[in-house]
Every structure is written in C-alpha cells, then in structure tokens.
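A short write-up of the structure that comes next.
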Amino acid sequence: MIIGVLKEQLPEKRVSLVPDIVKQLGKQGVTVWVEPDAGAAAFHSDDTYIQAGAALMPRTDILQQSDLVCSIQIPEDWHLLRAGTILAGVYQPLHHHDLMQQWAAKSLTTYSLDNIPRTTRAQSMDILSSQANIAGYKAVLLAAVSYGRYFPMFMTAAGTIAPAKVLILGAGVAGLQAIATARRLGAVVEVFDTRPVVREEVMSLGAKFISVEGAADASQAGGYAVEQSADYKQQQEVLIAASITKADIVITTAQIPGKRAPLLVTAQMINSMRPGSVIVDLAAGTGGNTALTQNQQTVFHNGITIIGDSNLAASMPADASKLYAKNVFNFLQLLIKDGQLVNNLQDDIIKGACITHEGAVISERLQAVLK
Ligand code: NAD
C-alpha cells in the first residue's frame, strides 16, 4: 500500500505527515512516498524523510499511483488522481459543495478531517482542536507584538502601566487557549460566547464571562453554536459594544459550522476603540467576525490594527505539522486493516469524515446542505 505526501502550496507551511510518523507507518508495512521539499517549510528536510524510510517521488507519480494521498489544503491538481484514490486532508466540504460533487463524480474516496465527530473516542484525531489550540495561542502573541503597549501591569519608578484589557469572542478551543495565553502575559480578560456551558471553563482560567440570556438551544448541534434569534443578536450587540470600548485587544473566534461566521463587531464599535488597539479575527476565512476584516490581510483603520487570519496554525509549522500528522496517523489506524485500506462506514468516525465514496456524496452533513 502506498501513502503519498504532497507538498503544500505557499502560504501553507505545514506538511501532512512528518518523518516520525513515516517511520511508524513503515513498521506497519506501508510504503510512503513524499514529494521533494514537502516538509521544508516545517523544518523537515528531504533527508530526514529518507532516513525515516520514505521515498522521494515526483508529485505526478504520487497523485497517479498512491492508494491514499495526504494533504492539508485542497490540491489544485486533484484531477490527476486516479478514480478510486483516497484523499485525506482538511477540505471544509460545507464551504466547497461544487468541488465535493466533482470529487464524487471522479469516484474519489475523500476524508475531510475537519468533519470528524467531536467525540471522546475521536479526540486523538481531532485536527480542529490541535490546530485551533495553536491559532488561539498565536493570535494573542500576534496581538501583543502589534500592540504599542505592555500586556502586564507594571509599577516602575518611571510610572505605572495598566494591564491590557483583552476581549475574546468565542470560547471554543482557540478562544480558551487565547484566554490562557493572554492571562499568562498578565492581561485582564473578558469573554463572550453564546454557549453558557463554557462559563465555568472561562472562569477557571481567570477571565470574566459576559453573557446574554436566552441563547438558542445548541444541544442538538453536537456542541457547536447555532444561529441566534434577532432579539438575542440585538442584546448581544449592546453587550459587545459596551465591552469593546474598554478593550485594547479583541480576539474573535466565533464560528458556526457550514455558515458564514457571525458578524459581532460593527465598524461603529471599532471606531469606539482607542488608537493603538488590535483586533485579531480568526474567523476571517468564513467571512470574519468584524465588519472590517479582510481575510489574510492586516487592515489599519483609524489607528486600530485588524488582523484577519484563519490559518494561524500554519505560522507555527513545526508543532502544527507534528500534531496534525499524529492526528492523521491515529485516523489511519481506523482505515488500515491487514495491510489494506478499508472504508468501514459502520465506524462513526470514518462515516463522519468520509465525504465522497464510490461516485456519491455520502456525508450526511453535506447532503443536508445540498438538498
Ligand atoms: P468553533 O470553532 O466552531 O467556534 C468557536 C466558538 O465560537 C464556539 O465556542 C462557539 O460557541 C462560539 N460562537 C459561535 N457563535 C457565536 C456568537 N454569535 N457569539 C459568540 N460566540 C459564538 O468551536 P470549536 O472550538 O471547534 O468547538 C466546538 C465544540 O466542540 C465545542 O462544544 C467544544 O467543546 C467541542 N469540542 C469537543 C471535543 C471532543 O470532545 N473531542 C474536542 C474539541 C471541541
């Protein structure tokens, strides 16, 4: 069985399998082909892959001859894959309906690892968590570097510095890591989320939780947020507006799977912030949580810096690739049976991740959107 590893296109710097994992796959009898320079941007040389037992192969051979191809982003030249090839990566199928239908028509078996159910058994394969954790951490560091003031409080002979006030919108995996990181740097942190269940976690990290009563019931949405009523949104706007005028740093992470990110911060709210403040919007890739966010860009508006980046994990490519590759390895353990790749759709993790198979879109989440 051949597993192929593609080199990602810049600005993506991560790689889907690292040499340590290649070695472990080799022990299971898997042949791994790696595109030259695939790991270079994540600090893994071709030599380290060869020492781990991989063979360096041209991209076209990998695409045309592998049984399973690993990537992170959508490979632009996917049309070179043979019918029946398995493709595994992070493809955001709910945002790429047409492409998923083309993959089905080409009879590719595709696994989108961002669709793995968020269950206890799947935790070791949860790429959303491993990568969001990095994004939350990096968002705060980026904000601290872009901010013209200190984060911690200082009382010095030359005067007193007040601690930075950080507002975090969305307390999922990224938001919780952002809270912890901002607290470690000495900031005072306020947090807003529509899910009241996160209150305890937020408070245990030393932050203040602010909330609006009457959030829509998310209990049927697998722990994810759902769309809120117009009345709720209005109250939410008043609450965020009051908090944002006091904030020096705003980190936004609010997402609703398969939908545009909720617009939480208006231009008027941004105008109420003091010059020098910084916003980092991790939801930029799905439309952004602020009215002024531009994906993959930094906007300077009336002295406020607005950084839009949904792929911050890629800015820490070494650890991000290490964790991603381990997630993929754990997922592959469900697929590899007696040296063969088996698409056991009775397994809820495989079923959740599998988007297309044998000429059809089989993901129930995607089918529901396509109806
Ligand atoms: P996400 O990236 O989908 O969203 C980030 C946060 O934004 C969430 O906390 C969400 O509630 C919040 N949000 C959405 N709309 C909002 C709004 N209008 N205002 C404010 N906040 C808003 O979330 P995630 O980090 O991927 O986590 C999603 C769920 O999965 C959570 O319930 C989490 O606990 C759960 N989870 C489970 C496991 C597991 O058991 N394996 C692992 C990780 C996460």
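The values are calculated or read from the model by the stated rules, or taken from the named source; none is laboratory data. Treat the numbers as computed from the prediction; the structure is a model and nothing was measured. Note that each Cβ is placed from the backbone with ideal geometry, even for glycine, and that neighbours are counted across all protein chains shown. Keep in mind that these areas ignore ligands, DNA and RNA; they rest on the heavy atoms of the full protein, side chains included. Shrake-Rupley method; radii C 1.70, N 1.55, O 1.52, S 1.80 Å.
Could you tell me whether segment 217-371 comes out rounded, prolate or oblate from its Cα gyration tensor? Rule is a ≥ b ≥ c as square roots of the eigenvalues, rounded for a/c under 1.5, then prolate if a/b exceeds b/c, otherwise oblate. Since a/c reaches 1.5 and a/b is larger than b/c, the shape of segment 217-371 is classed as prolate.
Projecting label points 7 angstrom from Cα along Cα→Cβ for E76 and L10 puts them 1.3 nm apart. Rounded to the nearest whole Hz, the Karplus-based 3J(HN,Hα) values (6.51 cos²θ - 1.76 cosθ + 1.60, θ = phi - 60°) of segment 93-100 follow the sequence x, 5, 9, 10, 4, 4, 4, 4, with x at glycine and proline. Summed over qualifying helices (DSSP H, 4 residues or more, each -39500 (n - 2.57)) and divided by its residue number, the chain shows a 222 nm mean residue ellipticity of -9500 deg cm²/dmol. Computing FRET efficiency as 1/(1 + (r/R0)^6) for R199 and A368, where r is the C-beta to C-beta distance and R0 is 41 Å, gives about 0.85.
Heavy atoms of the protein chains alone define the surface here; on that basis segment 81-126 has 39 Å² accessible area per residue at 1.4 Å probe size. Protection proxy ranking, highest mean first, for peptides 280-291, 316-327, 51-62, 333-344: 280-291, 316-327, 51-62, 333-344, where packing is the per-residue count of other beta-carbon atoms within 10 Å, averaged.
Spatial offset of segment 176-200 relative to segment 133-170 amounts to 13 Å, using the alpha carbon center of each. For segment 251-329 versus segment 72-89, the spacing of their alpha-carbon centroids is 28 Å. Under a crude label model (7 Å from the Cα following the beta-carbon direction), how far is T48 from M155 in nanometres? Placing both labels 7 Å along Cα→Cβ, they lie 4.7 nm apart. I'd like the carbon and sulfur percentage of the solvent accessible area for the chain, probe radius 1.4 Å, heavy atoms only, ligands and nucleic acids excluded. The value for the chain is 53 percent carbon and sulfur by accessible area. Only aspartates and glutamates eight or more places from K322 in sequence, or on another chain, were considered; those with a Cα closer than 18 Å are E8, E12, D20, E35, D37, D46, D47, D114, D126. Taking the longest Cα principal axis of the chain as reference, the axis of helix 173-184 is set at about 50 degrees.
At a Förster radius of 51 Å, what calculated FRET efficiency corresponds to the Cβ-Cβ distance of S229 and Q346, to the nearest 0.05? The calculated FRET efficiency here is 0.85. For the pair E213 and D67, the difference between a 0.36 nm per residue extended length and the Cα-Cα distance amounts to 47.4 nm. With a threshold of 23 Å on the Cα-Cα distance, the over-threshold entries among K23/K106; K326/K351; K7/K337; K208/K233; K13/K106 are K23/K106; K7/K337; K13/K106. The HN-Hα couplings worked out from phi for segment 38-53 by the Karplus form 6.51 cos²θ - 1.76 cosθ + 1.60 (θ = phi - 60°) are 4, x, 4, 6, 9, 6, 10, 6, 4, 4, 5, 5, 5, 4, 7, x Hz, whole numbers, x standing for Gly and Pro. Projected label points at R184 and A55, each 7 Å from Cα along the beta carbon direction, are separated by 4.3 nanometres.
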